[in-house]
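Here, each number is a calculation from the coordinates, and none is a lab measurement. Source: prediction; values computed, not measured. Counting neighbours? That spans all protein chains shown, and the Cβs are built from the backbone with ideal geometry, glycine included.
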Amino acid sequence: MYLFDIDGTLLLSGGAGSRVINRVFERRFEVEGAMDSVSPGGKTDDMIFQECAIAKLGRELSRSEVDSMQEAYLSELPEELASSPGFRLMPFARECLDFLVIRSPQMGIATGNVESAAKSKLARAGLSHYFCFGGYGSDSAQRSELVSAAVQRGSAIHGAPIAVEKFVVVGDTLRDIEAARACGVRVLAVAAGSCTIDELRAAKPDALFETLEELPAWHLAEF
Ligand SMILES: [Mg+2]
């Protein structure tokens, strides 16, 4: 069962999420450029909001602050995605999913996005129908725990226990690799840009691809 990361693996939102987070921080705290010093790759939405707060406010946000700011973020995200000039699918993402969905139809998501943000991004990309479950940033601020949530939901959908090594995370950052390893799940890394191919290789994923075009051949060899 495949568990796909979203940002940098399936699509790029062209900075839509960062623009909305900046606006939310501006309105609430009158600080500009909250995302300027934060690199979001592989992080959960909670971690990203807290890093912005520490950088700009010198303190962490309370749970209720995070919740109310994420509510504003989620309400504005779909429109920002719709109008984002840089929004695009990653190379061969749709072709790869078309190949997999007839061979491994129960595919899931493992992303640091909170669930509603993940669904907005997949809908904008026209990819929602490939996925029937997931683990999200709204399940845990810790990536390994949201991968674990995805594994549990995948097993529940399957209707019978599945060996954990049958799950395969597909992601673009060291954090995807670390989280998969922590759960005993296999992991395929795609060198999309937020981590270099050398950085990813050093973390020893089960396979390393330049693009998703290479995944179908791996699938045929493994399953
Ligand atoms: Mg990613």
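Restricting the stretch 2-62 to trypsin sites (Lys or Arg not before Pro) that sit in a DSSP loop and have at most 16 other Cβ atoms within 10 Å of their own Cβ leaves ARG59.
Relative contact order for the stretch 16-82: 38 percent, from Cα pairs under 8 Å spaced at least 6 residues apart, divided by residue count.
According to the square roots a ≥ b ≥ c of the eigenvalues of the Cα gyration tensor, what is the shape class of the stretch 120-201, taking rounded for a/c under 1.5, prolate for a/b larger than b/c otherwise, and oblate for the remainder? Because a/c hits 1.5 or more and a/b fails to exceed b/c, the stretch 120-201 counts as oblate.
Label-to-label distance, ILE197 versus ALA156, with points set 7 angstrom from Cα along the beta-carbon direction: 4.0 nm. Close Lys pairs in the chain (alpha-carbon distance under 19 Å; sequence gap of 8 or more, or different chains): 4. Full extension of the chain segment joining PHE29 with GLU165 gains 44.4 nm, where the gain is 0.36 nm per residue of separation less the Cα-Cα distance. Using C-alpha pairs below 8 Å separated by at least 6 residues, the relative contact order for the chain is 24 percent. Taken one residue at a time, the phi angles of the stretch 173-185 give Karplus couplings (6.51, -1.76, 1.60, θ = phi - 60°) of 10, 4, 5, 5, 5, 4, 5, 5, 4, 4, 9, x, 9 Hz. Gly and Pro are set to x.
With N counted as the residues of the stretch 16-82, its alpha-carbon radius of gyration over 2.2 N^0.38 Å works out to 1.00.
Hey, could you get me the Stokes-Einstein D for the chain, Kirkwood radius over alpha-carbon pairs, 37 °C and 0.692 mPa s, rounded to whole µm² s⁻¹? D, rounded to a whole number, is 186 µm²/s. Summary of packing: across the peptides 191-200, 144-153, 159-168, the per-residue average of other C-beta atoms within 10 Å ranks them, highest first, as 144-153, 191-200, 159-168. Note the angle between two axes, namely the Cα long axis of helix 63-82 and the longest principal axis of the Cα atoms of the chain, as a number of degrees from 0 to 90, rounded to the nearest 10. Its long axis makes an angle of about 70 degrees.
State the extension gain, in nm to one decimal, for the chain segment bounded by ALA182 and SER62, taking 0.36 nm per residue of separation less the distance between their alpha-carbons. Extra length from ALA182 to SER62 when fully extended: 40.4 nm. For SER37 and GLU210, what does the FRET efficiency come to when R0 = 30 Å and r is the distance between their Cβ atoms, rounded to the nearest 0.05? Given R0 = 30 Å and the Cβ-Cβ separation, E is 0.55. Taking every alpha-carbon pair within the stretch 172-223, the share separated by more than 18 Å comes to 27 percent.
In the chain, the calculated helix contribution to ellipticity at 222 nm averages -15000 deg cm²/dmol per residue, counting -39,500 (n - 2.57) for every DSSP H run with n ≥ 4.
Amide H contacts under 5 Å for GLY135: ILE109, ALA110, THR111, ALA150, restricted to partners 5 or more places along the chain or on a different chain, H placed in the peptide plane at 1.01 Å from N.
Bridges between two residues of the chain, per DSSP, are antiparallel at a rate of about 10%.
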